[in-house]
1. Determine which aspartates and glutamates satisfy two conditions relative to Lys113: a Cα distance under 14 Å, and not lying fewer than 8 residues away in the same chain.
2. Can you give the translational diffusion coefficient of segment 41-127 in µm²/s, computed by Stokes-Einstein from the Kirkwood radius over Cα pairs at 20 °C and 1.002 mPa s?
3. How many nm separate the modelled label positions at Ala46 and Leu66, each set 7 Å beyond the Cα in the direction of the Cβ?
4. Counting only other residues whose beta carbon sits under 14 Å from that of Gly76, what net charge do I get with K and R as +1, D and E as -1?
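Taken together, the values in this text are just the output of simple stated rules run on the coordinates, not laboratory data. Predicted, not measured: the structure shown is a model, and the values here were computed from it. Every residue, glycine as well, gets a Cβ built from its backbone with ideal geometry; the counts of neighbours run over all protein chains shown.
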Amino acid sequence: MATKKVEKAVPKAAKSKTPTQVVPPPTPEIKAVRADRIGKVELVEAISDKTGLIKKRAGDAVDVLLDTVVETLKAGGSVGLPGFGTLSVIETKARQGVRPGTSEKISIPAGKKIRFKIASTFKAELS
């Protein structure tokens, strides 16, 4: 003979009139990154560790950021990142150059280059 287990309904907690405080999650311990070079993988891991995002979402955020920067620069615009610096495209003139090793004179065609101007606050921190 099987016996049925009877559970009593638990009343809902009474609503309090004091607002509920949201406690932020504990700050995760930040892993040390290589000082000489950081790649996309390390950047995604750092964003994931610092924000609590899963690595997939952090990777998506990095991809969107880089795509937006590239699209803006291709369109001839500039990208300003406060506290870091500004990326912009500059046009170079055609000029004469010298081939190393043979000392042959060559003509270098006009083109475009990406220019980075460091923010003054960041420059001061590096000094």
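1. Within the straight-line cut-off, Lys113 pairs with Glu91.
2. 132
3. If labels sit at Ala46 and Leu66, their model points lie 1.4 nm apart.
4. On the way: positive: Lys74, Lys112, Lys113, Arg115; negative: Glu71, Glu91.
The answer is +2.
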